[in-house]
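Read through the structure below, which is laid out as structure tokens, and then see the notes.
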Amino acid sequence: MMKHRQRSFGFRIVLVGAVLISGYLFSLIREQVFAQYPALGQAGSAAQVVVRPQPEPPRWLADFSWQDDPAQPGRKVQIGTIVDPESKHILTYQLDGGKIKLLGVRNIQPDILIDQFNAVAPAPSEIRREIERLRQQTP
């Protein structure tokens, strides 16, 4: 009977300890949540909708493809192209056997300002003239 009471007492101590530790951990988590989302801690906030911040879209765009190696016909190398929309730069790399080789970098801002270059007929200027002519014909 004595052993049963000792085990029962020990179990109660473990249970109380687990409850206290769980409460402590819950309070730490709650503090972190309220620090990140202060509106949750306000009175009457249960009915409020909390909008979580969304991750920003990636700043750079990247594309990787396999190309024929011009130095060795029949051999493929991986080409990586990265576009930085903010700075308007394009970077091109060759990835081969763990080595990375920069093939080229270009600021495309001046390119964006060009209305047409190397355009085939009908050129954009010709299309605009035709649209304007058609608008003038319509009553």
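Derivation of every value follows stated rules applied to the coordinates shown; laboratory data play no part. Only a predicted model underlies this, so the values are computations on that prediction, with no experimental measurement involved. In this analysis, Cβ positions are derived from the backbone assuming ideal geometry, glycine residues included, and neighbour counts consider all displayed protein chains.
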- line: Placing each pseudo-label 7 Å from Cα in the direction of the beta carbon, residue 54 and residue 135 end up separated by a distance in nanometres of 3.4
Segment residue 91-residue 112, length gained on full extension (0.36 nm per residue, minus Cα span): 5.9 nm
Distance between modelled label sites at residue 99 and residue 68, nm, 7 Å Cα→Cβ extension: 2.2
